[in-house]
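Notes follow once the structure below has been shown.
Please treat every number below as a calculation from the coordinates, not as lab data. Just so we're clear, the structure is a prediction, and the values are computed from it rather than from any experiment. Neighbour counts are summed over all protein chains in view; Cβ atoms, including those assigned to glycine, are modelled from backbone coordinates with ideal geometry.
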Amino acid sequence: MFPVEEIRKDFPILQRQVNGKPLVYFDNAATSQTPQQVIDAIVDYYSNYNANIHRGVHTLSQEATDKYEQARLKIQQHFNAKASHEIIMTSGTTHGINLVASGFGALLKKGDEVIVSALEHHSNIVPWQMMCERSGAVLKVIPMNDEGALVMSAYDALLSEKTKLVFVNHISNALGTINPIKDIIEKAHAVGAAVLIDGAQACPHVKPDVQALDVDFYVASAHKMCGPTGVGMLYGKEEWLNKLPPYQGGGEMIAEVSFEKTTYADLPHKFEAGTPNICGGIAFGAAIDYMNAIGFENIATYEHELLDYATAQLLEIDGLKIFGTSKQKTAVISFNLDGIHPYDVGTLLDKMGIAVRTGHHCAQPIMDYFKIPGTIRASIAFYNTKKEIDALAAAVKKAQLMLS
Ligand SMILES: *Cc1c(COP(=O)(O)O)cnc(C)c1O
């Protein structure tokens, strides 16, 4: 049995009350909660060895540098990258995507094509639109179907020798759909295109192997996988990272600077201008350790049990419709109640201590597809329980009565 009660003791926030009720946190797809082990790593950093890294000769700076670089190695191992300099520390998924999009803006030319999917978060759409405006490349979209899955035959038809890059998410944050990324990557490579996978929503649930996937770029955020906000990772194949120009200029990313000519540092530093989120990077490493100690297989099995349980409970409610019904999905349930605005339901749930997200979930094209203003989204983590799902279902029923 999955030791959920033991695990919950690691999360101080789960003990608190909201509006006089025990907190039931189902907004994990927006950000996950933080275990004591990660909080301790943050406190330890600021209490014992806060210093700037990579340039100091003094003891604190060396300790901080060692810990920070150890975190990079943990990330490398976790994602099974071939080399640690293929891991670029970022401020999060959005930063990683903008870094790659900016670089491709310099490599692409008019008439080149790039492919996105209909299931994306705005942060995997907008940077590419900006890149297309600058380079003259054309953006093509893989459509989705009523289940919230990508139409793969349409993808096949979009691919050609004009295609230079494909960017899709591993798992949709709005619907929970797991995309067939292995297939997407293989087909893109067959026409000579590179692939970026937005793994922000996948990394809390699965352990991606970038070499087995043969993916060119993979991005994630620490705060969705039990780490702190403001830190994340970009994996890039060495050959690609060498081809891309630097994203930001500044300290740390240079080899030599003069007013005549500046040369850039080697990977990964070429893409890491300025003082990074040192504490955040170290805490990201602690979060990876924490999740691996529980085990991603165990997490996936337990979350799936919760997903099936929650789906069955919610579908018993008259007039409740779930959006995103692909067989390949993770623990995200997006739903609406007939004739009731999602925002009103979310507000009442909060009064009952239940945190869900309402709105378009930074994925307006998906809402447009279903012709709805938004959904109520309950997103599940491994520290949630069946009892909390019972509370959610009861609260949704109560809200429905109050609002109809
Ligand atoms: C959360 C999320 C993002 C954005 O992550 P940030 O941490 O805000 O940069 C991008 N894509 C998906 C699928 C997400 O779930």
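Summed over qualifying helices (DSSP H, 4 residues or more, each -39500 (n - 2.57)) and divided by its residue number, the chain shows a 222 nm mean residue ellipticity of -12000 deg cm²/dmol. Eigen-decomposition of the gyration tensor built on the alpha-carbon atoms of the stretch 161-263 gives equivalent ellipsoid semi-axes of 29, 21, 10 angstrom, largest listed first. According to the Cα-based calculation, Rg over Rh for the stretch 66-175 is 1.03, with Rh computed by the Kirkwood formula.
Taking the centroid of alpha carbons for each part, the stretch 18-75 and the stretch 363-404 are 31 Å apart. Taking other Cβ atoms within 10 Å as a rough exposure proxy, R357, R55 sort from fewest to most as R55, R357.
Using alpha carbons only, the radius of gyration of the stretch 2-66 set against its Kirkwood radius gives Rg/Rh = 1.18. Annotation: the antiparallel percentage among DSSP beta bridges lying fully within the stretch 39-293 is about 45.
Mean separation of Cα pairs under 8 Å and 6+ residues apart, divided by the residue count of the stretch 1-100: what relative contact order is that in percent?
Relative contact order comes out at 13 percent.
Placing unit charges on the Cβ atoms of the charged side chains and taking the dipole of the stretch 39-293 about its Cα centre, the candidate lying farthest along the positive direction among Y46, L267, I288 is L267. Across the chain, C-alpha contacts under 8 Å between residues 6 or more apart give a mean separation that, scaled by the residue count, equals a relative contact order of 22 percent.
Put simply, when 103-114, 253-264, 229-240 are sorted by average Cβ atoms within 10 angstrom per residue, most first, you get 229-240, 103-114, 253-264. Viscosity 1.306 mPa s, temperature 10 °C: Stokes-Einstein D of the chain from its Kirkwood Cα radius, in µm² per second? Answer from the Stokes-Einstein relation: 71 µm²/s.
Please arrange K207, K164 by how many other C-beta atoms lie within 10 Å of their C-beta, fewest to most. Working shown, then result.
Working: K207 17, K164 20.
Neighbour counts put them in this order, fewest first: K207, K164.
How far is the Cα center of the stretch 237-289 from the Cα center of the stretch 323-358, in Å? Value for the Cα centre distance between the two parts: 40 Å.
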